[in-house]
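The values are calculated or read from the model by the stated rules, or taken from the named source; none is laboratory data. Treat the numbers as computed from the prediction; the structure is a model and nothing was measured. Cβ placement follows ideal geometry from the backbone for every residue including glycine, while neighbour counts extend to all protein chains displayed.
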Amino acid sequence: MNTYYILMTVMFAMAVVVFIALFFFKAGYGYLSTANWGPKINNRTAWVIMEAPAFVFLMLYVADYLISGADTGNDRTVLLIMAGLFLVHYFQRAFIFPFLMRGKGEMPVVIMAMGMVFNGLNSYFIGGWLFEQAPAGTYGSEWLTSPQFIIGTLVFLTGMLINLDSDHVIRHLRQPGDTKHYIPKKGLYKYVTSANYFGELTEWVGYAVLTWSPAGLLFAVWTFANLAPRSRSLTEKYEQEFGDEYRQLKKKNLIPFIW
């Protein structure tokens, strides 16, 4: 077993540990922000630094692939489309989303650093799979008309739209200068506490399907392991702050009508 698959196995195991741990140790940023996580920096700066490695590292894979002219035995157009979907997501998260943020929030440096490592590793696994590890013939030109690609891409794009819409709802809960907390109720926030996280989870489940790969599956598993406990913590936080007003909405934590 080569280094790539050893690291992937370790990451799958770590996802289980992180999933359990986050029910007890709440990541202190955003609505769950506390002073227990050490020094903080501006939210916009932290988001750019945290998310940019995913975009930059995969771009390096793409550039190396194009410059070297390597023949991986897979269709070049298919590989670039799948890489492009990943890059579109992270371009938005790293270079658009942070500059749409309102307020003067801060993020703990340690959270930012962990996010950088996580995003860098995801790029390593996705880029490594697409351009190095995927067996020859896995992605022929016919892959673009396969059920996996078509269904996965539709799910991915649906998740992206949910994520963008949910971020828009959160940004417009308050007027400039207002620091009060409000309950989001528009869009999928009618049904779940964390509609933005549901959108992100949907994206990466879709990506796992459209690539039909262990790397895509790992990303989806890690997304759930990270966001499911946080969604539960956010529900608890809203219930603490708003009491019966929030409980009466009967929202699920992350997945509409299910959990």
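The requirement of being within 24 Å of M82 (Cα to Cα) and either crowded, with 19+ Cβ neighbours inside 10 Å or in contact with a strand residue (DSSP E or B) (Cβ under 8 Å, 6 or more places away or on another chain) (or both) is fulfilled somewhere in the range 227-238, by at least one residue. Restricting W212, W204 to those that are in contact with a helix residue (DSSP H, G or I) (Cβ under 9 Å, 6 or more places away or on another chain), on the phi > 0 side of the Ramachandran plot and of a type in the set (A, V, I, L, M, F, W, C) reduces the list to W212. Taken as a whole, the structure places M112 among residues that are farther than 18 Å from N196 by Cβ, buried (at least 19 other Cβ atoms within 10 Å of the Cβ), in contact with a strand residue (DSSP E or B) (Cβ under 8 Å, 6 or more places away or on another chain) and not aromatic (F, W, Y). Against the test of being of a type outside the set (S, T, Y), touching a helix residue (DSSP H, G or I) at 6+ places or on another chain (Cβ under 7 Å) and either in contact (Cβ under 8 Å) with a residue 24 or more places away in the chain or within 30 Å of V169 (Cα to Cα) (or both), the options F25, F57 yield a single qualifying residue, F57. Screening I170 on (1) without any contact (Cβ under 8 Å) to a residue 60 or more places away in the chain; (2) at negative phi; (3) loosely packed, with under 15 Cβ neighbours inside 10 Å shows it passes everything except condition (3). One residue stands out in the range 30-63 among those that are at pLDDT 95 or above and loosely packed, with under 13 Cβ neighbours inside 10 Å: the one that is farthest from M107 (Cα to Cα), namely A63.
Any residue at all in the range 92-109 that's over 30 Å from K251 (Cα atoms), crowded, with 18+ Cβ neighbours inside 10 Å and not assigned by TED's automatic domain parsing to the domain that holds R232? Within the range 92-109 (the criterion being over 30 Å from K251 (Cα atoms), crowded, with 18+ Cβ neighbours inside 10 Å and not assigned by TED's automatic domain parsing to the domain that holds R232), the answer is no, since none of the residues qualifies. Restricting the range 136-153 to residues that are assigned to a helix (DSSP H, G or I) and of a type in the set (S, T, N, Q), which is farthest from L201 (Cα to Cα)? Once the filter is applied, the top-ranked residue is S141. For the range 214-248, a residue qualifies if it is within 22 Å of the chain's Cα centre (by Cα), hydroxyl-bearing (S, T, Y) and over 30 Å from P135 (Cβ atoms), and the qualifying residues are S231, S233, T235.
Scanning the range 71-87 for residues that are in contact (Cβ under 8 Å) with a residue 40 or more places away in the chain and surrounded by fewer than 16 Cβ atoms within 10 Å (Cβ to Cβ), we see that the one that is nearest to the chain's Cα centre (by Cα) is T77.
Of all residues in the range 239-259, which are closer than 17 Å to S166 by Cα and either surrounded by 20 or more Cβ atoms within 10 Å (Cβ to Cβ) or among the polar types (S, T, N, Q) (or both)? Within the range 239-259, K251, N253, L254 qualify. One residue stands out in the range 148-177 among those that are of a type in the set (S, T, N, Q) and at pLDDT 95 or above: the one that is farthest from the chain's Cα centre (by Cα), namely Q148.
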